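Here is the structure we will look at.
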Amino acid sequence: MSDNDVTRALFDRWERVWNHGELDLVPTCVAPRYLRHEEAGDRIVTPESYAAEIVALKRDRPDFLILAHDYSFQGDRAWYRVSMRWTDRATDALQTRAAMQSYRIKDGKLAETWVMSWAVGSSWTDAAPLDSWTSPILPHFDRA
């Protein structure tokens, strides 16, 4: 299996975790020490602690989804341009946030990530999201 096939399978599982609540897949996606570079700073999480964070985030943000707009796989690296979408618990209003995320993959699992997010209310407007995180990417003029 090629590196890209391994990475594609990883992100197929990771989408199932985030968008379909299949938390039992977290240990198959996250390395024992997952280094995250985020707006609040750098930190290391374990599969167990990160699964608990996902549960808490989804409790606080009902209907939370991550929608992929673009991605690329290259060896042990991947990057995504995504939109996050959820319902605000206080107002029932739809909320959005645009982000870019790059990953380093080791032994078929997420080992390190760099996340850059825009403000709540931001979104990508150049193209509709992909059907899934690993759908074939068409040129932007074919997706609008």
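Some observations on this one:
- Some residue of segment 105-115 being in contact with a helix residue (DSSP H, G or I) (Cβ under 9 Å, 6 or more places away or on another chain), under 21 Å from Phe11 (Cα atoms) and among the basic types (Lys, Arg): yes
- Residues in segment 106-122 that are surrounded by fewer than 15 Cβ atoms within 10 Å (Cβ to Cβ), of a type in the set (D, E, K, R) and assigned to a strand (DSSP E or B): Lys106 alone.
- For segment 56-113, a tally of residues being of a type in the set (A, V, I, L, M, F, W, C) and over 10 Å from the mean Cα position of the chain (by Cα) returns 13.
- Test: Phe141 is among the aromatic types (Phe, Trp, Tyr), loosely packed, with under 12 Cβ neighbours inside 10 Å and either at pLDDT 95 or above or not in a loop (DSSP other than H, G, I, E, B) (or both): yes
- Hits in segment 116-142 (condition: in contact with a helix residue (DSSP H, G or I) (Cβ under 7 Å, 6 or more places away or on another chain) and among the hydroxyl-bearing types (Ser, Thr, Tyr)): Ser132, Thr134
Let's see how each residue does on (1) farther than 17 Å from Ala111 by Cα; (2) of a type outside the set (Gly, Ala, Ser):
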{"residue": "Asp24", "(1), (2)": "yes, yes"}
{"residue": "Arg33", "(1), (2)": "no, yes"}
{"residue": "Glu38", "(1), (2)": "no, yes"}
{"residue": "Ala52", "(1), (2)": "yes, no"}
{"residue": "Pro62", "(1), (2)": "yes, yes"}
{"residue": "Ile66", "(1), (2)": "yes, yes"}
{"residue": "Ala78", "(1), (2)": "no, no"}
{"residue": "Met84", "(1), (2)": "yes, yes"}
{"residue": "Thr91", "(1), (2)": "yes, yes"}
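- Filtering segment 1-38 to residues that are modelled with pLDDT under 95 and over 21 Å from Asp131 (Cα atoms) leaves Met1, Ser2, Asp3.
- Residues satisfying the criterion are present in segment 84-105 (criterion: in a strand (DSSP E or B), touching a residue at least 40 places away in the same chain (Cβ under 8 Å), surrounded by 17 or more Cβ atoms within 10 Å (Cβ to Cβ) and not hydroxyl-bearing (Ser, Thr, Tyr)).
The values are calculated or read from the model by the stated rules, or taken from the named source; none is laboratory data. Note that the structure is predicted; figures quoted are calculated from it, not measured. Every residue, glycine among them, receives a Cβ derived from its backbone with ideal geometry; neighbour counts consider all protein chains shown.
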